[in-house]
């Protein structure tokens, strides 16, 4: 039987069933996070094996981000409506099938199609992860369960590029996709055996399918114009795609304004703090997207690192986030988000400027590591405050939607960066694989990303209120406290951690609860 949010009952984290539920949530969300980054390690090998151009490699990354970004809010709504475990399992199945198709791809076009399908699977899989935790654990254990999910997710994110590098080096680039199949099978079996089916009985009204499709078409048209324009120039097809994408985006905004249940409630942007925090998110995560796209490729092509060594090179940044995220959140709570955001963006910009000084033949300890550490420290300071500001500026009823929008904005920034940076760096055609050309293009791209991060800092200082978090941290046991203590993400804002934490900060809804099916 189904039940809605069970605020008065639930499972214990220390029970076997509770641990199994947590394992399913961590593995499910972990697959989505990993495939957003681990593919970067394999890009040079994929390009060589499939004889892919730079634009084809851009599509391998952006195709996944395009469908994931466009459909992730819809995926959460489907879980609320039809059952979180059911949609979670369907997403895992689709993710496994599409991963197999990725591994079997013989051309770049086949890989792109499979990656877009994989992104759609991730959009169904990811929202259910913490939604299952929130609705299944007893109230006394939810905070610890979400904290454990966040910490274990950080470990998975840290080990992912290293594992991906090992698989690429020891087996094949195809192995980074094949490993998802047994993981998805475990997720599905554990979810069916140990996760109770729950849904939001208050969910009413039609799903915004039209809005979701308009978002996909708009982003696809804009991305095509940016990526293919690098090769074809301002041809009629390129201009038509770009203009068409912008027009569809305008139609999307008009549709969302009049839709009964909009995927993106535009009223949220009436808040200056919400709009400002999302603007900061966009520019900063565009810079981060450029780093994650090009750094591991640059290390392999220009500095002759092995895939495993390139994947491990950024581990110190992740270690900083795991070690210092709680202190960074506490600082933002104590002094407000404006100063930490400005300082963090400045440190990110400084780390990226240091990356422009890494040349072929440079040593890791003297050139790469200092840049990674400064960059990682800035990232640690920025992540929690920007997400917390978004949540604090939205009405409690729309906290989950506000967090979903912020997550989509962060991924959109990465999508645009992947599309534009090779154009700026002159990495068209086969130049991506030439050491000197790659080094030159990487330096230009990192300088551009540094300017983006600096712009994010200036924007933060001018538009974010130092008191933006005051309301979010009032009351004992506020769910936002969990965001402060446990936020750690290097691939995007901590969407579902934020959303569920905010849900706990508001009064429980009165819902019918039936006995869950084990």
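The values are calculated or read from the model by the stated rules, or taken from the named source; none is laboratory data. No experiment lies behind these values; they were computed from the predicted model shown. For neighbour counting, all protein chains shown are included, and Cβ atoms are generated from backbone atoms with ideal geometry for every residue, glycine included.
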ask   = Does the range 201-224 contain any residue that is assigned to a helix (DSSP H, G or I), free of Cβ contacts under 8 Å to residues at least 60 places away in the same chain, under 30 Å from residue 22 (Cβ atoms) and not assigned by TED's automatic domain parsing to the domain that holds residue 390?
value = no
query = Mind checking which residues of the range 353-367 are outside any loop (DSSP other than H, G, I, E, B) and surrounded by fewer than 24 Cβ atoms within 10 Å (Cβ to Cβ)?
reply = 353, 354, 364, 365, 366, 367
query = For residue 497, all conditions in the list (1) crowded, with 24+ Cβ neighbours inside 10 Å; (2) modelled with pLDDT under 85; (3) farther than 28 Å from residue 32 by Cα hold save one; what is the number of the exception?
reply = (3)
ask   = When you look at residue 123, is it at pLDDT 75 or above and over 26 Å from residue 321 (Cα atoms), yes or no?
value = no
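Within 23 Å of residue 225 (Cα to Cα) and either in the same structural domain as residue 285 (by TED's automatic domain parsing) or loosely packed, with under 15 Cβ neighbours inside 10 Å (or both): is that true of residue 435 in this structure?
Details: within 23 Å of residue 225 (Cα to Cα): no; either in the same structural domain as residue 285 (by TED's automatic domain parsing) or loosely packed, with under 15 Cβ neighbours inside 10 Å (or both): yes.
The answer is no for residue 435.
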task = Evaluate the range 248-263: report whether one residue or more is at pLDDT below 85, surrounded by 17 or more Cβ atoms within 10 Å (Cβ to Cβ), under 21 Å from the mean Cα position of the chain (by Cα) and not in a helix (DSSP H, G or I).
result = yes
Evaluation of residue 90 against (1) at pLDDT below 90; (2) closer than 25 Å to residue 214 by Cα; (3) surrounded by fewer than 24 Cβ atoms within 10 Å (Cβ to Cβ) (one fails), failing number = (1)
task = Return a yes/no flag: does the range 324-335 have any residue that is buried (at least 24 other Cβ atoms within 10 Å of the Cβ) and farther than 22 Å from residue 459 by Cβ.
result = yes
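Among 243, 238, which is the only one that is part of a helix (DSSP H, G or I) and either in contact with a helix residue (DSSP H, G or I) (Cβ under 7 Å, 6 or more places away or on another chain) or buried (at least 21 other Cβ atoms within 10 Å of the Cβ) (or both)?
Details: 243 fails: either in contact with a helix residue (DSSP H, G or I) (Cβ under 7 Å, 6 or more places away or on another chain) or buried (at least 21 other Cβ atoms within 10 Å of the Cβ) (or both).
Result: 238 is the single residue among 243, 238 that is part of a helix (DSSP H, G or I) and either in contact with a helix residue (DSSP H, G or I) (Cβ under 7 Å, 6 or more places away or on another chain) or buried (at least 21 other Cβ atoms within 10 Å of the Cβ) (or both).
Residues checked against (1) over 23 Å from residue 417 (Cα atoms); (2) part of a helix (DSSP H, G or I):
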position	(1), (2)
295	no, yes
298	no, yes
304	yes, no
318	no, yes
323	yes, yes
330	yes, yes
333	yes, yes
339	yes, yes
343	no, yes
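Looking only at the range 425-458, count every residue that is over 19 Å from residue 48 (Cβ atoms), more than 24 Å from the chain's Cα centre (by Cα) and not in a loop (DSSP other than H, G, I, E, B) and tell me the total.
Our first condition is that a residue be over 19 Å from residue 48 (Cβ atoms); within the range 425-458, this holds for 425-426, 440, 443-458.
With the extra rule that they be more than 24 Å from the chain's Cα centre (by Cα), the set shrinks to 425-426, 440, 443-444.
If we keep only those that are not in a loop (DSSP other than H, G, I, E, B) too, we end up with 425, 440, 443-444.
Result for the range 425-458: 4.
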